[in-house]
Amino acid sequence: MKALITIEQVVDSFLNERDEKSLENYRRYLRIIVEGYTDLNINLVRIPKPYHAVVNSNNMVKLPPDYIDYIKIGVLYEGKIWTLTENKSIAFNSETINAIEIRDETGEIEVPVWQDYTAGGGINFGEYRIDIANRRIIFYGNMKGMEIYIEYVSSGIVLSEKTYVPRDMLPLLKSYLNWIITENNQKAGINSKLRTAELYNHQYARYVQRKSSFTISELLDAIRSGYSMGPKA
């Protein structure tokens, strides 16, 4: 059984359970599922997503279209991620907002001279600041042409691609859809609305419980991940 399913499969399963053969509400149901999954992905699932880009001649890279928040930002070198330091004092330059292109630099990546691999706060040859309003990262230092690795929290939705969700979220997403439909149904009684909200909260709690159960290996990995500010695997 595949670990991922499409949002269309979620709606199909929901319709099948309700023996609803009409496709009149199909697109509406899809939009509700997208909204629900986006919210869950930001606040609950938070699956790290990787992204590669090359710093352009303006010392910038674009953020991915589904970017919500970053987990780590660094330079790729010899298969390792060398984390960079955030500097909120870097000024935004409005003149170059529209001058960002991904992978517009084809020259050889300049390799910095490493002084201290485990210095606190990351390495010091380059710094960055997130310009969320203009969907970009601005760098300071000798960064032009360097390959940047961004690990980030995604909304889970990319309009240009088919959206997949974890299969184990199927009961939770269907419960969410049922709750939203009932809540917005003016003919539904208060007991029905309370019941569907209760069922959704139950599925939500079950999902959180499953995902928050640490194995011994996961616990050790979490502890050891804070030992050093050097390259991250």
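The values are calculated or read from the model by the stated rules, or taken from the named source; none is laboratory data. The model shown is predicted, which means the values in this text are computed figures rather than measured ones. Reconstructed Cβ throughout: ideal geometry from the backbone, glycine too, with neighbour counts over all protein chains shown. Remember, those area values only see protein heavy atoms, side chains included, never the ligands or the DNA or RNA. Shrake-Rupley method; radii C 1.70, N 1.55, O 1.52, S 1.80 Å.
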In segment 167-216, which residue that is open to solvent by 40 Å² or more (accessible area, probe 1.4 Å) and of a type in the set (Lys, Arg) is farthest from Leu44 (Cα to Cα)? Lys187
Go through the residues of segment 93-102 one by one and say whether even a single one is open to solvent by less than 30 Å² (accessible area, probe 1.4 Å), modelled with pLDDT under 80 and hydroxyl-bearing (Ser, Thr, Tyr). yes
May I ask you to list the residues in segment 54-84 that are hydrophobic (A, V, I, L, M, F, W, C) and out of contact with any Pro (no Cβ under 9 Å at 6 or more places or on another chain)? Val54, Val55, Met60, Val61, Leu63, Ile68, Ile73, Leu76, Leu84
Checking the structure you have, find out if any residue of segment 68-76 is at pLDDT below 60, in contact with a helix residue (DSSP H, G or I) (Cβ under 9 Å, 6 or more places away or on another chain) and of a type outside the set (Phe, Trp, Tyr). no
So how many residues does segment 49-81 have that are under 17 Å from Glu127 (Cβ atoms), part of a strand (DSSP E or B), in contact with a Lys or Arg (Cβ under 9 Å, 6 or more places away or on another chain) and open to solvent by less than 20 Å² (accessible area, probe 1.4 Å)? 5
If we scan segment 26-48, do we find a residue that is in a strand (DSSP E or B) and open to solvent by 10 Å² or more (accessible area, probe 1.4 Å)? yes
Within the set of pairs 6 or more residues apart or between chains, which connect a residue that is of a type in the set (A, V, I, L, M) inside segment 192-205 to a residue that is open to solvent by less than 60 Å² (accessible area, probe 1.4 Å) with Cβ atoms less than 9 Å apart? Ala197/Thr182; Leu199/Ser175; Leu199/Asn178
